[in-house]
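Below you'll find the structure, written out as structure tokens, and then a few comments.
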Amino acid sequence: MSFSKVRNAHKTENTEDYLELISELLTSKGEARIVDIAKQLDIAQATANKTIQRLQNQGFIKREPYRSIFLTVKGQMIASKSKKRHNIVLRFLLNLGLDQKTASADAEGIEHHVSEKTLKKMEKFNSLK
């Protein structure tokens, strides 16, 4: 069994979740603020701020003091890919007959660990439904 794949997925999981959330906040509220990110993730604002700083240093987001957070093109690409993966997994789980709450919770973890090969099979299965 390959544990390296799981370890690598864990490394990007947090980044993907933050970028996906920022994208959702920008779409739904027109802005993404530290307070909203912290609230959505149920974490302290200081923790969210630390991660946002890291994401800015890595070139995924841009922000100015006391302003909203915005995704760079690089950040948008990852957020979009992550959201697509999430939606495929979620639809697959719903098509299996799981309730929305369970499917949503499970999709949140699975989306980061599912292989491209499995994801394509899930997508094909979804199109049959």
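The values are calculated or read from the model by the stated rules, or taken from the named source; none is laboratory data. Remember, predicted model here, so these are calculated numbers, not experimental data. A quick note on method: Cβ atoms are made from the backbone with ideal geometry, for glycine too, and the neighbour counts reach across all protein chains shown.
Looking across segment 63-75, the residues that are of a type outside the set (Phe, Trp, Tyr) and at pLDDT below 95 come down to Arg63, Glu64, Pro65, Arg67, Ser68.
Matching residues to (1) touching a Lys or Arg at 6+ places or on another chain (Cβ under 9 Å); (2) in a helix (DSSP H, G or I):
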residue	(1), (2)
Ile43	no, no
Asn49	no, yes
Phe70	yes, no
Lys81	no, yes
Val89	no, yes
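The rows are residues; the columns are (1) surrounded by 12 or more Cβ atoms within 10 Å (Cβ to Cβ); (2) touching a helix residue (DSSP H, G or I) at 6+ places or on another chain (Cβ under 9 Å).
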| site | (1), (2) |
| --- | --- |
| Thr12 | yes, yes |
| Gly30 | no, no |
| Gln53 | yes, no |
| Gly59 | no, yes |
| Tyr66 | no, no |
| His86 | yes, yes |
| Gln100 | no, yes |
| Lys117 | no, no |
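Regarding segment 63-79, can at least one residue be identified that is on the phi > 0 side of the Ramachandran plot and free of Cβ contacts under 8 Å to residues at least 24 places away in the same chain?
Narrowing segment 63-79 to residues on the phi > 0 side of the Ramachandran plot: 66.
From what is left, the residues that are free of Cβ contacts under 8 Å to residues at least 24 places away in the same chain are 66.
Yes, there is a match, as at least one residue in segment 63-79 is on the phi > 0 side of the Ramachandran plot and free of Cβ contacts under 8 Å to residues at least 24 places away in the same chain.
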